[in-house]
Amino acid sequence: MTVQDALQRPIRDLRISVTDRCNFRCVYCMPKHVFGPGHEFLPRSELLTYEEIARLARSFAAIGVGKFRLTGGEPLIRRDLVGLIGMLSGIEGVEDISLTTNGSMLTPDKARTLKQAGLRRITVSLDALDNQTFMMLNDVDYPVQKVLDALDNAEAAGLSPVKVNVVVKKGVNDHSIIPLVRYFHGSSHIVRFIEYMDVGHSNGWRLDDVVPAAEIAERINAELPIEPAEPNYRGEVAQRWRFVDGGGEVGIVSSVTQPFCRSCHRARLSARGELYTCLFAARGHDLRRLVRDTELSDDELTDRLSRIWSVRDDRYSEIRSENTLSLPKVEMSYIGG
Ligand code: SAM
Ligand code: SF4
Ligand code: SF4
């Protein structure tokens, strides 16, 4: 069964946040002045259990979801994530299971066991190649080399091509665009530059902080010529660009300056079990109550999800304006990027 929303968009992928905790304090995501020592994270009893996640995932698969991405917070902080991947990979209709991580816990052994459990793809976030900028961004003095080691570990485990996510903030790390492009040019890794977004309220986002996707492409093209490449599939978030010299490709995610709401087939499940039908939604639908506190059958649960999706009309990025900036929004670390 494929369920379409009010704007005829089918649901195809689900991002599952398995924790709201993280060992980094990236200034654009979990700034220390908000996520400091006094911040209260969710107690374990509030989190969905893996059995609850797997049950929901089966219902999502029944309405059309074929791809799951595990995220957070830092997903590798949650114990036995490998076990959850094993449970998800057994679900009928699942084509793809991927993971977004900061790489800090991606040891060779962890990468291998994730792959063996059924993980297909991995994205590692890395915002700069020089320690000074990267440490200033992660704000916990985490060195670049350890993330580069994590990329090697992922590749050695057969999780390649690995995607490397770079959030670009003007005046902070836009000088890293070219060094990153040069470093990964000709390698099996694919760098994806992401426009800095106004997710949540704690990062103090301003439009002036965004380097537009068109400018990122121009800057890359001036150094190493690129040409547009066809999307891998309908609704792919990153615009693909291929190096003219055959050195691989880069991606650019233009969520702010060229929104792609029209082909947005994605839902997000928070660690607490709320379903968000848009990254910028103010409120989620409480699915934890449905799986924990009611006697709904699997068919009834699937029917509830189908009804939620079928009335969805979100298109925040298309209507973003001065007025929408002040609307209530959930934090990125809470629902996952
Ligand atoms: N901790 C993991 C990581 O950093 O890869 C997974 C969760 S993180 C919230 C997922 C992705 O969202 C990361 O690539 C991160 O860089 C990106 N992100 C966080 N805040 C962002 C923002 N304000 N604008 C754009 N991307 C953001
Ligand atoms: Fe943690 Fe990822 Fe957010 Fe950075 S972007 S603070 S690593 S959740
Ligand atoms: Fe999808 Fe909402 Fe982002 Fe638009 S703003 S692409 S609807 S998540």
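The values are calculated or read from the model by the stated rules, or taken from the named source; none is laboratory data. Predicted, not measured: the structure shown is a model, and the values here were computed from it. Heads up, the Cβs are rebuilt from the backbone with ideal geometry, glycines too, and the neighbour counts pull from every protein chain shown. Calculation scope for accessible area: heavy atoms of the full protein, side chains included, ligands and nucleic acids excluded. Shrake-Rupley method; radii C 1.70, N 1.55, O 1.52, S 1.80 Å.
Using a cut-off of 14 Å between beta-carbons, work out the net charge of the residues near residue 240 (Lys and Arg +1, Asp and Glu -1, residue 240 not included).
0
Share of the chain's accessible area from carbon and sulfur, percent, 1.4 Å?
That share works out to 49 percent.
Taking a label point 7 Å from the Cα of residue 34 along the Cα→Cβ vector, which residues of region 61-86 have an amide N closer than 17 Å to it?
Once the point is set 7 Å along Cα→Cβ of residue 34, 72-74 turn out to lie under 17 Å by backbone N, inside region 61-86.
Could you report the accessible area of residue 113 in Å², rounded to 10, computed with a 1.4 Å probe on the protein chains as they sit in the structure?
Here the residue's solvent-accessible area equals roughly 50 Å².
Report the gain in length on full extension from residue 46 to residue 183: 0.36 nm times residue separation, minus Cα-Cα distance, nm rounded to one decimal.
45.1 nm
For residue 265, what is the net charge nearby, where nearby means another residue's Cβ is under 11 Å from its Cβ and Lys, Arg count +1, Asp, Glu -1?
+4
Residues with amide H under 5 Å of residue 190's amide H, sequence separation 5 or more or different chain, H placed in the peptide plane at 1.01 Å from N; which?
For residue 190, the qualifying residues are 162, 163, 164.
How far, in nm, would the chain grow between residue 23 and residue 7 when pulled straight, counting 0.36 nm per residue and subtracting the alpha carbon separation?
This chain segment gains 1.9 nm when fully extended.
Check each of the chymotrypsin sites (Phe, Trp or Tyr not before Pro) in region 154-258 and keep only those in coil by DSSP with at most 16 other C-beta atoms within 10 angstrom; list them in order.
Hits after loop and neighbour filter: 233.
Using 0.36 nm per residue of separation minus the Cα-Cα distance, give me the extension gain between residue 282 and residue 244 in nm, one decimal.
Between residue 282 and residue 244, full extension yields 9.4 nm more.
Just name one of 33, 118, 107: the one whose Cα is farthest towards the positive end of the charge dipole of region 13-335 (beta-carbon charges, Lys/Arg +1, Asp/Glu -1).
118
Using a 1.4 Å probe, how large is the accessible area of residue 218, given in Å² and rounded to the nearest 10?
Probe radius 1.4 Å; accessible area of residue 218 about 120 Å².
Tell me which aspartates and glutamates have Cα within less than 17 Å of residue 329's Cα, excluding those fewer than 8 residues away on the same chain?
Qualifying aspartates and glutamates at Cα under 17 Å: 20, 198, 274, 286, 313, 314, 318.
Quick check: the distance between the Cα centres of region 1-77 and region 193-248, to the nearest angstrom?
24
At 222 nm, what helix-only mean residue ellipticity would the chain give, in deg cm²/dmol to the nearest 500, using -39500 (n - 2.57) for each DSSP H run of four or more?
-8500 deg cm²/dmol
Which of the residue pairs 67/146; 110/163; 67/115; 110/146 have a Cα-Cα distance greater than 21 Å in the structure shown?
Cα-Cα > 21 Å for 67/146; rest within.
Between residue 95 and residue 113, with labels modelled 7 Å along Cα→Cβ, what's the label distance in nm to one decimal, could you check?
Placing both labels 7 Å beyond Cα along the Cβ direction yields 3.0 nm.
Starting from the Cα of residue 295, step 7 Å along the direction of its Cβ; do the same at residue 318; then give the gap between the two resulting points in nm.
4.3
So how strong a dipole does the chain carry about its Cα centre when Lys and Arg Cβ are +1 and Asp and Glu Cβ are -1, to the nearest 20 debye?
Value, rounded to 20: 340 debye.
Using heavy-atom solvent-accessible surface (probe 1.4 Å) with all chains present, what is the largest-first order of 140, 94?
140, 94
Evaluate E = 1/(1 + (r/R0)^6) for residue 208 and residue 130, where r is the Cβ-Cβ distance and R0 equals 30 Å; express this FRET efficiency to the nearest 0.05.
0.80
Of the beta bridges DSSP finds with both residues in the chain, what % are antiparallel, to the nearest 5?
In the chain, DSSP labels about 30 percent of beta bridges as antiparallel.
In the chain, what cysteines have no partner Cβ closer than 4.7 Å?
When partners are defined as cysteine Cβ atoms under 4.7 Å apart, the chain leaves 22, 261, 264, 278 without one.
Modelled label-to-label distance, residue 307 and residue 215, 7 Å Cα→beta-carbon offset: nm?
Here the modelled spin labels are 4.7 nm apart.
How compact is region 13-335 by the rule of thumb for globular proteins, expressed as Cα Rg over 2.2 N^0.38 Å?
0.97
Give me a comma-separated list of calculated 3J(HN,Hα) values for region 168-181, in order, Karplus coefficients 6.51, -1.76, 1.60 applied at θ = phi - 60°, integers in Hz, x for any Gly or Pro.
9, 10, 4, x, 10, 9, 5, 5, 8, 4, 5, x, 5, 4
Over region 13-335, average the accessible area per residue using a 1.4 Å probe and give it in Å², no decimals.
43
Sequence neighbours fewer than 8 away in the same chain don't count; with that in mind, list the lysines whose C-alpha is under 22 Å from residue 170.
Candidates past the 8-residue exclusion: 32.
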